[in-house]
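None of the figures in this text is laboratory data; all of them are computed from the coordinates on show. Bear in mind that the values here come from a model prediction, so they are computed numbers and not experimental data. FYI the Cβ positions are ideal-geometry reconstructions off the backbone, even for glycines, and counts take in every protein chain you see.
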Amino acid sequence: MAGRKQELGGGEPIFVVGPSRSGTTLLQEILNRHSDLWIARETHYFDDLRPRLGERALEPLSTEDAQTCERYFLALGHRAYGHEGDPAQSQIEADELRAEAARLGGSADAYFEAFCRVRTRAHGKSRWGEKTPRHVFRINEILAFSPRAKVVCLVRDPRAVAASYRDWKRERPDAPSDGDDFFLEDRHRAARSYNVVVNALLWKAAMRASTSALAGHGHDRIYLLHYEALVENPDRTLRGLADWLGVTYESKMLDVPVAYSSYEMPRSGISTQPLERWREKLTATEISAVQTCCGRVMAELGYRRENVAAPLHRLIWTWATVPTAFARAALANRKRLGRASEYVRRRLLLTVSRSG
């Protein structure tokens with residue numbers, strides 16, 4: 001690829017993707033316990049900065065575009081994506097980021113890789129990676145950027161995903177106080193974004209993207225990791241994942257804290273408690289709506305339907321609210337999605353690419 005120097009050192013980069021609330025943060029915490037691996041927190045690069053730059057992202061940058069890239073990644077070195085990080089307060093030195101990007105070719109892609117590598121070195125690790133859930137829709141771009149990359153796609157029961165997303169940052173007694181403007185904004189965004197049908201359709205789109213990537217790129221590049229297997233048998237599941245990644249399994253990978261759970265949890269982040277919680281948290285109407293949207297894909301991935309009796313008038317109302325819910329979610333996420341309506345439209349096209 002023009003503008004990027006191929007580098008063989010440090011092993012293949014690792015990308016963690018999947019539907020929101022599917023366990024991507026838990027897996028990031030697990031992998032970061034490994035002595036050689038560091039998975040950087042969400043950059044949203046392939047779905048934000050790279051599309052904005054277009055073809056210019058692949059070539060040496062103009063002064064203006066280089067400054068845009070520097071500000072973008074330095075801000076991520078201060079605060080998480082979407083939390084208005086200040087480049088001037090970044091934990092990353094601008095000179096180090098700039099020099100690393102130049103060494104890698106000087107493109108926007110080089111800045112992305114430089115950010116990940118700088119963060120990896122800062123933690124004393126050698127092999128880099130990145131975790132942005134919605135990059136599940138950008139797997140082709142990721143593998144065009146780095147054909148040797150390893151992409152781990154999280155898979156989780158869509159009913160559990162719906163319950164977790166609905167209650168995210170609402171039911172946790174230890175959630176940040178309302179005095180924290182950034183977390184308050186996140187709570188508001190999550191509340192306005194939730195609609196059980198919209199959530200189910202986006203889960204379905206993410207699963208279509210994951211399985212299509214596996215079919216198109218093969219098991220050497222794509223790994224479907226079931227959240228249920230991860231928490232029910234973490235030792236065996238992580239041994240298999242470590243073997244696929246080409247690293248030695250380390251038992252300390254199991255020693256992870258709770259990571260952004262929607263509910264109060266035991267001390268360890270690897271727990272079977274979340275597996276069946278949706279049964280008590282979701283209404284019959286919500287369960288029915290999810291299963292109606294996702295039934296065929298659920299069956300393909302091994303999730304069984306439940307027999308539920310949902311009131312007809314509630315089902316009708318749930319489906320009738322979908323257009324309004326789309327508009328509300330797009331408005332609530334406009335800062336994070338850019339052209340939010342186009343973002344949602346492209347995702348939902350995946351849900352109708354095949355019936356079911």
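Spelling out what I want: for every residue of the range 306-317, take phi, set θ = phi - 60°, compute 6.51 cos²θ - 1.76 cosθ + 1.60 (Karplus), and round to whole Hz; glycine and proline get x. Calculated HN-Hα couplings, in order: 10, 7, 10, 10, 9, x, 4, 5, 6, 4, 4, 5 Hz. Listed here are the pairs Lys150/Lys204; Lys131/Lys252; Lys150/Lys281; Lys204/Lys281; which of them are more than 30 Å apart at the Cα? Violating the 30 Å Cα-Cα cut-off are Lys150/Lys281. Overall shape of the range 46-154 was characterised from the C-alpha gyration tensor. The equivalent ellipsoid obtained from it has semi-axes of 20, 17, 15 Å, in decreasing order.
Under 5 Å from the amide H of Leu224 lie the amide H atoms of Cys153, each residue being 5 or more positions distant or on a separate chain, with H modelled from the backbone and absent for Pro and chain starts. Using only the Cα atoms of the range 57-112, build the gyration tensor, take square roots of its eigenvalues as a ≥ b ≥ c, and label the shape rounded, prolate or oblate: rounded if a/c is under 1.5, else prolate if a/b is larger than b/c, else oblate. Here the range 57-112 falls in the prolate category. Between Ala40 and Gly129, Glu130, Lys131, the built amide H atoms are under 5 Å apart, and every one of these is 5 or more places off in sequence or on another chain.
Only counting other Cβ atoms within 10 Å, I'd like Asp36, Asp167, Asp86, Asp109 sorted with the fewest neighbours first.
Numbers: Asp36 16, Asp167 19, Asp86 12, Asp109 27.
By the 10 Å Cβ count, ascending, the order reads Asp86, Asp36, Asp167, Asp109.
Under 15 Å from a label point 7 Å along Cα→Cβ of Tyr249: give me every residue in the range 10-40 with its amide N that close. Once the point is set 7 Å along Cα→Cβ of Tyr249, 31, 34 turn out to lie under 15 Å by backbone N, inside the range 10-40.
The length gained on full extension between Arg79 and Ser212, counted as 0.36 nm times the residue separation minus their Cα-Cα distance, comes to 44.6 nm. Peptide packing: for 57-63, 247-253, 284-290, the average count of neighbouring Cβ atoms within 10 Å per residue gives the ranking 284-290, 57-63, 247-253, highest mean first.
Each Cα pair under 8 Å and six or more residues apart adds its sequence gap; the mean of these over the residue count of the range 45-92 is a relative contact order of 25 percent.
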